[in-house]
Amino acid sequence: MGRVLDHVVYRTTVSGRENIPADGPVIFAANHLSFLDGPVMVGAASRYMHVMVKYDLFTGFLGWVLHTSGQIPVNRDGDRGALQFAKDVLDRGDCVGILPEGTRGTGDAAHVNAGVAWLALNSGAAVVPVAILGTRVGHEPRNSIPKPRRHLHVVFGEPLKIAREPGVTGRVSMDRATERIRLRLAGHILGATAATGQQLPADDHLPSKHKGQ
């Protein structure tokens with residue numbers, strides 16, 4: 001499905017595939033703009049990955065497709081079972097895709113959740129930052145789907161290895177790992193927008209209580 005989206009429905013330019021380790025466990029950590037980000041990332045990668053997907057999409061025909069293709073349902077309120085499933089995938093040397101911002105937004109990685117750091121620390125997997133650009137542009141609402149033949153960009157960055165820090169608590173080590181991944185992803189996204197000329201969307205669709213903050 002991902003390759004059809006990338007190369008039949010849309011025109012996707014992929015760069016940085018040489019940064020993807022040829023073997024061993026890999027966590028692909030991407031920014032989140034649109035419903036299409038996960039499938040577009042899968043279609044662009046040189047290795048297959050199991051993407052962590054919001055659980056309420058696992059209904060009907062789409063749910064069947066997601067289950068049969070090995071995607072991982074996640075409850076955003078906290079899902080240790082999904083994280084353990086993803087760790088099992090990594091422990092056997094395979095790949096997991098994650099959108100650590102959690103919700104669709106501007107995609108600048110200003111905030112990421114700790115799940116990606118937990119997986120990296122507990123599996124030893126390399127973390128490859130991924131910039132997905134063009135799946136939402138301008139002032140398009142968060143639930144919009146881009147029109148066919150739009151030009152998309154997927155840029156894979158250099159892998160990052162995360163290890164536990166000696167002499168600090170597990171909580172501190174987790175917080176530092178989360179921030180390290182966030183900074184690498186945010187910097188990679190900034191570089192990708194400069195290299196491709198494709199800007200992140202403006203997000204005018206935040207709840208009113210968040211506007212002006």
(request) Search region 120-143 for residues being among the β-branched types (Val, Ile, Thr) and outside any strand (DSSP E or B), and hand back the single one that is least open to solvent (accessible area, probe 1.4 Å). (result) THR135
(request) Sort through ARG47, ARG76 and tell me the only one that's open to solvent by 20 Å² or more (accessible area, probe 1.4 Å), modelled with pLDDT under 95 and either out of contact with any strand residue (DSSP E or B) (no Cβ under 7 Å at 6 or more places or on another chain) or not in a helix (DSSP H, G or I) (or both). (result) ARG76
(message) Condition check: buried (at least 18 other Cβ atoms within 10 Å of the Cβ) and closer than 28 Å to LEU90 by Cα. Does GLY105 satisfy that?
(response) yes
(request) Quick one: which residue in ALA109, ALA177, ALA194, ALA117 is in a loop (DSSP other than H, G, I, E, B) and either modelled with pLDDT of 95 or more or in contact with a Gly (Cβ under 7 Å, 6 or more places away or on another chain) (or both)? (result) ALA109
(message) Out of the residues in region 157-172 meeting the condition of being surrounded by 10 or more Cβ atoms within 10 Å (Cβ to Cβ) and without any contact (Cβ under 8 Å) to a residue 24 or more places away in the chain, tell me which one is farthest from VAL127 (Cα to Cα).
(response) VAL168
(message) Checking ARG11 against (1) closer than 18 Å to GLY105 by Cβ; (2) of a type in the set (D, E, K, R); (3) in contact with a His (Cβ under 8 Å, 6 or more places away or on another chain), only one condition comes out false. Which one?
(response) (1)
(request) Quick one: count up the residues across region 7-46 that are of a type in the set (Asp, Glu) and within 16 Å of the chain's Cα centre (by Cα). (result) 1
(request) Working only within region 87-100, note down all residues that are part of a loop (DSSP other than H, G, I, E, B) and either in contact with a Lys or Arg (Cβ under 6 Å, 6 or more places away or on another chain) or surrounded by fewer than 24 Cβ atoms within 10 Å (Cβ to Cβ) (or both). (result) ARG92, GLY93, ASP94
(request) Output the residues belonging to region 5-36 that are out of contact with any Leu (no Cβ under 8 Å at 6 or more places or on another chain), among the aliphatic types (A, V, I, L, M) and either open to solvent by 20 Å² or more (accessible area, probe 1.4 Å) or within 20 Å of VAL137 (Cα to Cα) (or both). (result) VAL8, VAL9, VAL14, ALA22
(message) Under 6 Å between Cβ atoms, which residue pairs at least 6 apart in sequence (or on different chains) link something in region 72-84 that is under 14 Å from ILE98 (Cα atoms) with a partner that is open to solvent by 50 Å² or more (accessible area, probe 1.4 Å) and at pLDDT below 85?
(response) PRO73/TYR55; VAL74/TYR55; ASN75/TYR55
(request) Please give the number of the condition MET41 fails out of (1) within 21 Å of ALA192 (Cα to Cα); (2) of a type in the set (A, V, I, L, M); (3) at pLDDT 95 or above. (result) (3)
(request) Please find, among VAL137, VAL89, the residue that is in contact (Cβ under 8 Å) with a residue 12 or more places away in the chain and in contact with a strand residue (DSSP E or B) (Cβ under 9 Å, 6 or more places away or on another chain). (result) VAL89
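The values are calculated or read from the model by the stated rules, or taken from the named source; none is laboratory data. The structure displayed is predicted, hence computed values, not measured ones. We place every Cβ from the backbone using ideal geometry, glycine too, and count neighbours over all the protein chains shown. The protein model used for the area step is the full one, side chains on, heavy atoms only, and it has no ligands, DNA or RNA in it. Shrake-Rupley method; radii C 1.70, N 1.55, O 1.52, S 1.80 Å.
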